[in-house]
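The next block holds one structure in the form of structure tokens; read it before the comments.
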Amino acid sequence: MNDIDIKSYMRDVGRRARAAAVIMARADTHAKNNALLAAAKQIAKEQAAILKTNGEDLRAGENLDEALKDRLELNPKRVQAMVDGVIEVAALVDPIGEISDLRYRPSGIQVGTMRVPLGVIGIIYESRPNVTADAAALCLKAGNAVILRGGSESLRSNRAIADCIHAGLEAAGLPRDAVQVIDTTDRAAVGELVTMNEYVDLIVPRGGKGLIERISREARIPVLKHLDGICHVYIDDRADLDKAERIAFNAKCQRYGTCNTMETLLIAEAVAELALDRLVPLYLEQKVELRGCDKTRKLVPQARKATEEDWRTEYLAPILSIRIVSGLDEAIDHIRRYGSQHTDSIVTEDITHARRFLTEVDSSSVMVNASTRFADGYEYGLGAEIGISTDKFHARGPVGLEGLTSKKWIVIGDGHIRS
């Protein structure tokens, strides 16, 4: 496509999405749930075809880095997770039309708020074809239409999954155009999507820092985003070291290529030697490259010297930065200086230290005695998530159904007039 064709194509996508959003906004819960359940059934039925298509994407992307390959790859377990996620979204309470805080005013009118769909949501993502199912399910349940622009490396997989979503929509009598996958890899399509404010109400970028920075810079539409997932686990001097060992290992090694993976381990000086004696062999067994401060390197000769840049880096790889701190105050200061306001966790048995950490660490998810890998919409009971926001408006942390809605004021009177 040339520039004119791209512009025309994207405007047509936008017009069709806006028309579909009108229908989705008035669709009842039964119809939306039927569409989701039918889509989940179709994904399960087409598992073999989806995996075959994903294999084609993987072969075409053999030169991608390991983190992107991990995000791109589907397997039977991940396909089943997509199916389960869509079914779980169908089981969630429908927020649309919910009226809250309805109260009488002195004038006699009743005033409250009602949850309504946002309208049309544009989602731009790299690799992760499961986002196609998760995002579509959440947007549909919240009464929205969605425009999906995946990376070129996952286009075949995204098409196959979207076909299953379309089958579900048609089975429920809802418009196919409520879910559209951008069918071109031309980057100009992204530039058009993020400026179509007459058709699109929210942009959600999911991918690397470069992608999100570009979207944030170019968009003329509100953007829900996080730039980095520089997550910390702090092992306090009052920690149970058995818990600390399990949490700090899981937070790093359960999966490397996710935004809620621990990138920096902070350890109180009083327990550093004991904690590292337990953890270092586990990390080295998993071939995790260790980078540490001077105090860490005295205890861990295998560790490379950590640079200032290491504390600011989201590795998305088997690399871990370790810093020994004097205690809670220095740990919080480090997180405040280098963190990305994504997810941070303290391991401690001291309730005062735990409360201070919860209060003073200004991240979208703050945890006590739990792995950062729990920072996930599914784990939080949201069904699936549209993304994670480190902004403070209009949603923060893992964003599920409510983050895809807005509120409007409603007023109920009985012939009331203002005096």
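Some notes on this structure:
- Amide H contacts of VAL325: ILE267, ALA268, GLU269, each under 5 Å away and 5 or more positions distant or on a separate chain (H built 1.01 Å from N in the peptide plane; Pro and chain starts excluded).
- Amide proton proximity set for TYR125, modelled H, under 5 Å, gap of 5+: ARG149, GLY150, GLY151, ARG206
- GNM result for the chain, Cα springs below 10 Å: residue of ALA268, ALA17, ALA145 fluctuating most strongly: ALA268
- Whole-number D in µm²/s for the chain (Stokes-Einstein; Kirkwood sum over Cα pairs; 37 °C, 0.692 mPa s): 143
- Relative contact order for the stretch 243-396, counting Cα pairs under 8 Å that sit 6 or more residues apart, in percent: 25
- Residue order, fewest to most surrounding Cβ atoms within 10 angstrom, among MET114, MET196, MET262: MET114, MET196, MET262
- Exposure proxy shown here: for THR132, THR296, THR195, THR313, the number of other Cβ atoms within 10 Å sets the order, fewest to most, as THR195, THR313, THR296, THR132.
- Flagged links, alpha-carbon separation over 29 Å, of LYS141/LYS243; LYS295/LYS392; LYS32/LYS209; LYS45/LYS252; LYS52/LYS392; LYS32/LYS408: LYS141/LYS243; LYS295/LYS392; LYS32/LYS209; LYS45/LYS252; LYS52/LYS392
- Net lengthening on full extension, SER100/ALA19 (0.36 nm per residue, minus Cα-Cα): 26.3 nm
- Here the stretch 69-133 and the stretch 199-272 have alpha carbon centers that stand 22 Å from each other.
- Cut-off under 5 Å, modelled amide H: who pairs with VAL179 long-range: VAL146
- Estimated vicinal HN-Hα couplings, Hz - the stretch 216-225 in sequence order (Karplus 6.51, -1.76, 1.60; Gly, Pro = x): 4, 6, 8, 5, 10, 10, x, 10, 9, 7
- For the stretch 111-121, the Karplus equation 6.51 cos²θ - 1.76 cosθ + 1.60, evaluated at θ = phi - 60°, returns couplings of 10, x, 10, 10, 7, 9, x, 6, x, 10, 10 Hz by residue, with Gly and Pro reported as x.
- Karplus-based coupling profile of the stretch 323-331, in residue order and whole Hz: 10, 8, 10, 5, x, 4, 4, 5, 5, with θ = phi - 60° in 6.51 cos²θ - 1.76 cosθ + 1.60 and x standing for Gly or Pro.
- Ranked list, fewest to most other Cβ atoms within 10 Å of each Cβ, for VAL194, VAL22: VAL22, VAL194
- By the helix-only formula, in which each DSSP H run with n ≥ 4 contributes -39500 (n - 2.57) and the sum is divided by residues, the chain has a 222 nm mean residue ellipticity of -13500 deg cm²/dmol.
- The chain, relative contact order [Cα under 8 Å, separation at least 6], %: 19
- Cβ crowding within 10 Å averaged over residues, with 349-360, 235-246 ranked highest first: 235-246, 349-360
Every number here is computed from the coordinates shown, using simple stated rules; none is lab data. The model shown is predicted, which means the values in this text are computed figures rather than measured ones. Reconstructed Cβ throughout: ideal geometry from the backbone, glycine too, with neighbour counts over all protein chains shown.
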